[in-house]
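Participant: This is the structure I want to talk about, given as structure tokens.
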Amino acid sequence: MKLKYKISLILSIVMVFFGVLSVDVSTAAGTASFSLSPSSGSYNINTNFTVTVYENSGSDAVSAVEADLAYDQAKLQFVSTDTSTSAFDVSSVSSGGSGYVNFQRSKTGTLTGNQIVGKVTFKALLGSGTTSVTFAPSSAISTSGNTNIWDELTTGGTYTMTTPAPVSDSSPSVGTTSSSSPSAGSVAKSKPSSTTADSSSGAEAEKNNSSESVVANNDSTSTSYLVSVKIVNSKGKPQVGIDVALGSNYAKTDSTGVASFSGITPGSYKVNVQGGKIMGDSTIVVDGTKSTKQVQHFELKLKAVLGLPILLEVGGGIVLVIIIGYLLLHKTSFRQMLGKLSGKSSVPDKHPAPTSTVFSGSVIQPTVVSTEANVKESKLQSY
């Protein structure tokens, strides 16, 4: 029974040791929100339009904000940002391009309610179709205690791109002319009217323009999505600053281990991570039946690489478990175990023999006093 108890105790220690290594922490969404104004509109090709970014924390006091916008760079072009009207007076980052716009701002003190973060100006690149601007998962609305209270709703705005109607070039209509013969009674002949030819060519041009418009519209209506790929290690810890490739698209993981992609069309994509290998299947499928306003989330785990730190950590744990098991099974102390391993007994004799110093001339000779007779003899010799 004692042996079984000790074995079960050792197994419990092993389970606790390796269980601690795989603890994962998650966070819950808050109540503060982001919004864009206007959230919709119609804009001609090659024209600029500006949207304002708002955060609304309600009655909760906040002191910092990070608004990360994602847009389809095949349909919109980043032009500029403007933070002159921002309620957050300290600027850290205000930039854009390559499908993303980033605002990082803070406040001396705190703010509540609906506040302006900044403005961003885009240029419409297409003459038809719609496109969306959404908030990336890396966005945050933080309290003075550095707690993110964003509700994680990524909906931003949806905008329509149009082509202005062509300006008609009106010219005087050409009428009929007659050429009369000087001879009396001749019948006047009229030249063919050019109005009929102009009408025919105009109808043909309208038909061609209509066909081109349909083709352009079909090209621009391809559905695209915002995709986030979270990279964690074998213990579930987010990996920060890693380059991630999603097909031909590239992004770097943020502080939460998330790489964000925009303008991703439905289909299967192979995910590659710089300097690591994905555990299991590294292919993700972007679902084309979902709403384009909904971010499609994926999480991939990296294979564990047995580097020196991991080997030392695991090896040290195994050695510790073996030592504890040995001590429990043999009922010995750590000091005694070290003595046995070194080949010397570190435990003193239970009854050591007393010694006595005997003076023989000028030489001091230690002798073992084992009996009372020996004690008396040594006294006589000392005289």
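All of the numbers you see were taken from the coordinates with simple rules; none came from a lab. All of these numbers come straight from a predicted model, not from anything done at the bench. Here the Cβ is made from the backbone with ideal geometry for all residues, glycine too, and neighbour counts use every protein chain on show.
Participant: With +1 on each Lys and Arg Cβ and -1 on each Asp and Glu Cβ, and nothing else charged, work out how big the dipole of the stretch 49-151 is about its Cα centre, in Debye to the nearest 20.
Facilitator: Value, rounded to 20: 260 debye.
Participant: Short version: ³J(HN,Hα) in whole Hz for each residue of the stretch 54-65, in order, from phi by Karplus 6.51 cos²θ - 1.76 cosθ + 1.60 (θ = phi - 60°), x for Gly and Pro, what are they?
Facilitator: 10, 10, 10, 9, x, 8, 7, 7, 10, 10, 8, 8
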